[in-house]
Amino acid sequence: MMRELWNSLKEWNDVMDDFIGSVMFELFGATFVGIPSASLGKPLSVLTKMIAGAYIGANLYTRLPSLLSKKAQVRYRLTNSFLHSGLFLTIKRRDIGDGQIKEVRVFPKINDVKIASKLTEVRISLPLGMAPEMIQQREWAFQRTFGDTTQLIEDSPGHYRLRIPAALPDSFRYDYEQARTILERTGGFPVYVGESSEGPVAINLQKTPHIGIVGVTGWGKSSLLRIILNSWLRYYSPDRLRLFLADLKMSEFGMYERVPHVEGRVAVRKHEVRSMLSEVHEILLARQEMFYNAGAIDQEEYEEMTGEKLPFIVVAIDEVAALRKETEIHDVLDDIAAMGRSLGVFLILSQQRADKEVIDGRLKNNLNIRIAFRMSDELNSRMFLENGLAAKIKVKGRSLVKDTTDLLETQTPWLDTKEARAMIAEIKDKYRDHRKKPLLVKINGEVPQDVELNAQDNKDLLDLVMQLQSSKKDWIFPKEEEEIS
Ligand SMILES: Nc1ncnc2c1ncn2[C@@H]1O[C@H](COP(=O)(O)OP(=O)(O)OP(=O)(O)O)[C@@H](O)[C@H]1O
């Protein structure tokens, strides 16, 4: 009871603070703090105070509604952050009262505040004589005031925009329709990565290829992989999407075994990953030749020229750090990272840390989409995102998504394993009789354009692939003189 009373008193006190601050701000603008009224010269003092009183009264009367508005609150909090971070110039002026020279502070000018349900934007311009670095080096102060994902953007020299995204909910359920809508709207080869305060987020992998997911254990990496894969499996047919999955923790990807979009078995041992990647490498080289022969520079152009749609190929590896000593594997990953975009082959690599002992610099540089859940410390976060914000994440499933330009705070919708399995069962059922085109069957160096397999052949081929993989052998192709019966 006492605590509640105390809390409401504190709340009231905060509101009053904000209110009084807003009044002062609205009346005197962002240009002056320190009003020199206390030291007014005797003869002028009464008169000036009367004028000031009348001015305050008139302003209060006309501006009261706007003083209580959210915009005024934003202005007040921003001015406060200018003040506390030292973002002002100190200039000398003559006091109108006593004629003495006094120091006054000149703050950046807040030109405009726009508040929408999902985003607040503030336009700021610098006063004459203020160096741009002064504001650029104080993004931290705005983040402290308005939240970690606040961004300062330079619109033109001396003119800045502060983007303040609305707060995200801590947890909400996965809704496929929401994912589908944004996948459709994004186009290319989109990946759905969660919800930001501005709505659902999808990124076109054809433009920004390869994803790195990092975060300490238990903060949402697997749950993100689940929503990425499940959204894709429902959105694409196996003729448009093929997955090569490796799960070195032997936990998350088990549920995707025998899904028609998934090639072979999920690799759980290093030698299985090696053999899986040698297959992907074959595909990479074959596509390279195929596109070259057709005179196409990438998958998009090849499809346009030939009218033939090829499947997007994704290699997803959960806990890639377990492979850090496997140079052969890393060579293939490097090749995919470097050439994969144009050939329609993409990587999703997930791990707990991002330092160079775990993932080499070249590979990391090619992971154009970086998604960080909570990270162990600022240094690690800086290495991955170029800022320390991921170490401050306090909500499970909350991540920072950085593509080549933007940094967005997102929340992964929650899809529990039971629901994910139910979705997968429906997908398996939907494609039960689907005749999947083999991704690549290399016979005597030829890549057949159209191989029709019936359901039994398809199953036999799949069983053979699985046998080969589980017997730890690499691909076996028939010798030149052998006939295929
Ligand atoms: N998007 C989310 N919304 C709500 N809760 C979540 C979300 N993501 C994760 N959690 C909570 O965090 C727990 C751990 O999540 P998850 O297994 O995805 O973490 P992880 O980073 O993959 O961990 P590990 O590396 O151990 O596999 C979940 O069981 C769930 O309770």
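Volume per residue for the stretch 201-288 equals 123 cubic angstrom (convex hull of Cα atoms).
Mind ordering 164-174, 281-291 by average Cβ neighbours within 10 Å, highest first?
Numbers: 164-174: 15.2, 281-291: 17.2.
So the order, starting with the most tightly packed, is 281-291, 164-174.
Assuming R0 = 25 Å, can you tell me the calculated FRET efficiency for the pair I91 and M134, based on Cβ-Cβ distance, to the nearest 0.05?
My answer for the efficiency is 0.95.
Hey, could you grab the Kirkwood Rh for the stretch 318-361? Inverse mean 1/r over distinct alpha carbon pairs, Å, one decimal.
Details: mean 1/r = 0.0909 Å⁻¹.
By the Kirkwood definition, the hydrodynamic radius is 11.0 Å.
By the gyration tensor of its Cα atoms, with a ≥ b ≥ c the square roots of the eigenvalues, what is the shape of the stretch 92-206: rounded for a/c under 1.5, prolate for a/b over b/c, or oblate? Prolate. Projecting label points 7 angstrom from Cα along Cα→Cβ for A294 and K392 puts them 4.8 nm apart.
When you filter the trypsin sites (Lys or Arg not before Pro) in the stretch 393-427 for DSSP loop state and at most 15 other Cβ atoms inside 10 Å of their Cβ, you are left with K394. Go through K356/K392; K118/K207; K114/K402; K364/K418 and tell me which ones have a Cα-Cα distance over 30 Å in this structure. Those over the limit are K364/K418.
Rounded, prolate or oblate: which fits the stretch 310-429 when a ≥ b ≥ c are the square roots of the eigenvalues of the alpha-carbon gyration tensor, with rounded for a/c under 1.5 and prolate only if a/b beats b/c? Walk me through the numbers before you get to the answer.
Working: a/c = 1.66, a/b = 1.06, b/c = 1.58.
Here the stretch 310-429 falls in the oblate category.
Could you grab the Rg to Rh ratio for the stretch 116-156? Cα atoms only, Kirkwood for Rh. Write down the numbers at each step before the final one.
Numbers: Rg = 11.4 Å, Rh = 11.5 Å.
Taking Rh as the inverse mean 1/r over Cα pairs, Rg/Rh reads 0.99.
Multiplying the residue separation of E121 and D98 by 0.36 nm and subtracting their alpha-carbon distance yields 4.2 nm. Assign one of three labels to the stretch 234-365, namely rounded, prolate or oblate, based on the Cα gyration tensor with a ≥ b ≥ c the square roots of its eigenvalues; rounded applies when a/c is under 1.5, prolate when it is not and a/b is larger than b/c, and oblate otherwise. Note, shape of the stretch 234-365 comes out oblate. Accessible surface of W140, taken over heavy atoms with a 1.4 Å probe and every protein chain present, rounds to 120 Å². Measuring max minus min along each principal axis, the C-alpha atoms of the stretch 76-142 give extents of 49, 24, 20 Å (largest first).
The values are calculated or read from the model by the stated rules, or taken from the named source; none is laboratory data. Here the structure is a predicted model, which is why all the values come from computation and not from measurement. Note that each Cβ is placed from the backbone with ideal geometry, even for glycine, and that neighbours are counted across all protein chains shown. Note: accessible area is taken over every heavy atom of the protein model, side chains too, but ligands, DNA and RNA are not part of it. Shrake-Rupley method; radii C 1.70, N 1.55, O 1.52, S 1.80 Å.
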